[in-house]
């Protein structure tokens, strides 16, 4: 791939070296190959077309068909995938769980991330160390961390229950009780994405010039007022970026759920994503799975719209 | 008053750092404790005695040696493909005026917003139909390019002054030489940051290998660890924690080494401290 893109180049590049007498000619802008930029775009364009655009469109189309996993003819199914999916109590439960998980993770991880960024920013000496410690959750392998968290929240011998035992509180079956499984997975989600939000806010805070801090000091604007009236409006792109990423990571939570609970017990931690995974790859109902991932997209856009309204309302 | 604020601040920071680091600490503590004592050690901060054999057991039973080789080959293949496809595309979108480049940029941004699971099922059907399931190309090809990479690198290249591009042009450099000799050296930090991001993402990826790597010999580190956990080893928490530590270590080390550059390149701004 690379050899084909390089071949036409050396000739055009080597020829017009600026020589001594003919500087005027050399300075004249050369007509460069118009083909090369197209060739430059081609590999990426191919990848995006084949592995993003085509599958996304196919996913939409497949939600109206009966799709055999092993290949073979697709059969028109109309809206039956959607009606079947939406008539399935397990799916409805997973939709509710997705909304609950989002509510438990998106806002907390943004608020905690922003607070941590402000906190770490206010530290003088030792800042690099504090920052590195707070960044670490973001980098860790989620499967490995899910294994560790499963052990921390284990019913017997787990750290959390031992701590509760010392405090005189009975052991909680965190991952085995339908009432707490989603909450427990969400706690891990917040642990992870607060760190990510913090990194984004930290970088955003760094873009605010020192003169702003001096000016607000001179005006006597401090604390919460400074944050909501000066800092956050100045960091609006950062806030939007962090929000989008927090929503995406919430709705796409998969590794932790798959490792810690596998959606159980009794579907109590099943989300839209793990449900569509199950429909597609455990029950081989690809049409229904596509319909569900299409619904997931609708939910995402819905959350995006609501947040946009909240964000623009909040800054007034 | 200032005194109270300061000690409150340090209390909060200490709390945040502890919560942030605790799982790592507990992972190491469990990994070092003798397997038969894990349940009886209570919450004492240190294991009753050190037992390194957990690492050997995890390494062997989770086939981690094999998995790390698989993971490295997959991650680096993806990285090379992504750099080869993203860098030239980003250059064209940032610095070449041509018809349709606005549209191409809009497509790239649109692709950023498509969540992975929307494309998951058709991509799986396609890879399956092409006979690439359970193969290295099947693991790598779907990630041959990255809309995020193109976008990030384009943002970085936008900041290269046009006068420099004009100078390269009057010097008679073609697109390829301009890219190689002028743009890539300047965009180096952004390219490095994206490389770290790509390695993180794909070393840690679980969903796609879970679908594609069906034979154990192709399993990547997270997948091997998950299979290890779901097997009859399920309650050998010492070995599980040791395995988790082995899988986590490479990315954590990479992050510690590349931290500043990574954060800077990802966010497009300098971080203080």
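Any read-out appearing in this document is the output of simple, stated calculations on the displayed coordinates, not a laboratory observation. The structure presented is a predicted model; accordingly, all values stated were derived computationally and were not measured. Heads up, the Cβs are rebuilt from the backbone with ideal geometry, glycines too, and the neighbour counts pull from every protein chain shown.
Values for this structure:
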| quantity | calculated |
| --- | --- |
| Within 10 Å of each Cβ in A:283-289, the average number of Cβ atoms from other chains | 1 |
| Fully extended contour minus Cα-Cα distance, from residue B:261 to residue B:7, at 0.36 nm per residue | 88.3 nm |
| For residues of B:20-29, the mean tally of beta carbons on other chains within 10 Å | 6 |
| Order by protection proxy (mean Cβ within 10 Å, highest first), peptides B:150-161, A:170-181 | B:150-161, A:170-181 |
| Inter-label distance for residue B:217 and residue B:136, nm, one decimal - labels placed 7 Å from Cα along Cα-to-Cβ | 1.3 |
| Ascending count of other beta-carbon atoms within 10 Å, so fewest first, for A:260, A:198 | A:260, A:198 |
| Relative contact order (%) - chain B, alpha-carbon pairs under 8 angstrom, separation at least six | 31 |
| By average C-beta atoms within 10 angstrom, highest first, the peptides A:187-193, A:160-166 | A:187-193, A:160-166 |
| Per residue, the convex hull volume that the Cα atoms of the stretch B:2-51 enclose (Å³) | 77 |
| Neighbour-count ranking [beta-carbon atoms within 10 angstrom, fewest first] of B:140, B:5 | B:5, B:140 |
| Rounded if a/c under 1.5, otherwise prolate or oblate - the stretch B:1-106, Cα gyration tensor axes | oblate |
| Helical mean residue ellipticity (222 nm; -39500 (n - 2.57) per DSSP H run of 4+; nearest 500) of the protein assembly as shown | -22000 deg cm²/dmol |
| Relative pair counts by distance (%), Cα atoms of the protein assembly as shown, 10 Å bins | 3, 15, 24, 26, 18, 9, 3, 1, 0, 0 |
| Relative contact order computed over the stretch A:92-172 (Cα-Cα under 8 Å; 6+ residues apart), in percent | 10 |
| Folded to 0 to 90 degrees: helix B:101-112 orientation relative to chain B principal axis, Cα | 10 |
| Prolate/oblate/rounded label for the stretch A:166-238 (Cα gyration tensor, a/c 1.5) | prolate |
| Rg/Rg_ref, the stretch A:44-102, where Rg_ref = 2.2 N^0.38 Å and atoms are Cα | 1.45 |
| Chain B: angle of helix B:221-230 to the longest principal axis, Cα-based, in degrees nearest 10 | 30 |
| Listed peptides B:175-181, B:163-169 by packing density, highest first (mean Cβ within 10 Å) | B:175-181, B:163-169 |
| Cα long-axis angle, helix B:2-32 against chain B (0 to 90 degrees, to the nearest 10) | 70 |
| Relative contact order of the stretch A:84-314, pairs being alpha-carbon contacts under 8 Å that are 6 or more residues apart, as % | 30 |
| Three-way shape label, chain A, alpha-carbon gyration tensor, a/c 1.5 | oblate |
| Mean projection area, nm², convex hull over Cα of the stretch B:63-267 | 13.4 |
| In nm, spacing of pseudo-spin labels at residue B:181 and residue A:99 (7 Å Cα→C-beta vector) | 6.2 |
| Shielding by partners - mean other protein chain Cβ count within 10 Å, residues of B:250-261 | 3 |
| Cα-Cα pairs of the stretch B:188-267 separated by more than 18 Å (percent) | 51 |
